[in-house]
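The values are calculated or read from the model by the stated rules, or taken from the named source; none is laboratory data. Remember, predicted model here, so these are calculated numbers, not experimental data. Cβ sites come from the backbone with ideal geometry, for glycine too, and all protein chains shown count toward neighbours. Note: accessible area is taken over every heavy atom of the protein model, side chains too, but ligands, DNA and RNA are not part of it. Shrake-Rupley method; radii C 1.70, N 1.55, O 1.52, S 1.80 Å.
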Amino acid sequence: MSVEIHIVEGAVGVETTAAAPGAGAVLVFDGVVRGVEEGRDLAALEYEVYEPMASQQLGALAADVVRSHGLMGLRCIHSRGRVGVGKCSLRVTICSAHRAEALAGMGEFIDRLKRDVPIWKKPIWV
């Protein structure tokens, strides 16, 4: 089981995805800043991260999801600070033997991250 957590300044950059040995599924989710929120034009989102608690909670959450869904690994990269429209603010990569557990684990991880981890976004309007 492998878990990696990274909080980065600004947008999440482009990276290559490597599968865990024996993985039959590699699932990558990129959360991208939309141009409209609450019916208004958006220039960017400003992410505030309460560290080190956010990293600790993300690590515990990832380990729990990996364990409960029988995943091979989960990597999460989340932005801190300003992220412009069209840029990536969250990337989650999951490796598993089969697609079903990867898809279920991805949904649970993102839902719990948004609900439980001390990361807040503030809209920057056009």
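Here is how the numbers come out for the structure above:
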read-out: Selection within region 7-29 - at pLDDT 95 or above, open to solvent by 70 Å² or more (accessible area, probe 1.4 Å) and not hydrophobic (A, V, I, L, M, F, W, C); value: Glu9
read-out: Unmet requirement for Gly86, which otherwise passes all of (1) in a loop (DSSP other than H, G, I, E, B); (2) open to solvent by less than 50 Å² (accessible area, probe 1.4 Å); (3) of a type in the set (Gly, Ala, Ser); value: (2)
read-out: Test result for Leu61, in a loop (DSSP other than H, G, I, E, B), among the hydrophobic types (A, V, I, L, M, F, W, C) and either over 16 Å from Glu9 (Cβ atoms) or over 12 Å from the mean Cα position of the chain (by Cα) (or both); value: no
read-out: In region 11-30, residue nearest to Ser96 (Cα to Cα) [restricted to those that are β-branched (Val, Ile, Thr) and part of a loop (DSSP other than H, G, I, E, B)]; value: Thr17
read-out: Matching residues, region 32-54, being among the small types (Gly, Ala, Ser) and surrounded by fewer than 17 Cβ atoms within 10 Å (Cβ to Cβ); value: Gly35, Gly39, Ala43
read-out: Top-ranked residue of region 102-126 - restricted to ones that are within 17 Å of Ile5 (Cβ to Cβ), aliphatic (A, V, I, L, M) and not in a helix (DSSP H, G or I), ranked as least open to solvent (accessible area, probe 1.4 Å); value: Val117
read-out: Test set (1) out of contact with any helix residue (DSSP H, G or I) (no Cβ under 9 Å at 6 or more places or on another chain); (2) touching a residue at least 24 places away in the same chain (Cβ under 8 Å) - Lys114 fails condition number; value: (2)
read-out: Near pairs, Cβ below 9 angstrom, 6+ apart or cross-chain, from region 1-30 (free of Cβ contacts under 8 Å to residues at least 24 places away in the same chain) to any residue that is open to solvent by 50 Å² or more (accessible area, probe 1.4 Å) and of a type in the set (Val, Ile, Thr); value: Ala18/Val26
read-out: Count of residues meeting criterion [surrounded by fewer than 21 Cβ atoms within 10 Å (Cβ to Cβ), of a type in the set (Gly, Ala, Ser) and part of a strand (DSSP E or B)] in region 64-83; value: 2
read-out: Filtered residue count, region 89-101, keeping only those that are open to solvent by less than 30 Å² (accessible area, probe 1.4 Å), within 16 Å of Leu27 (Cβ to Cβ) and of a type in the set (Gly, Ala, Ser); value: 1
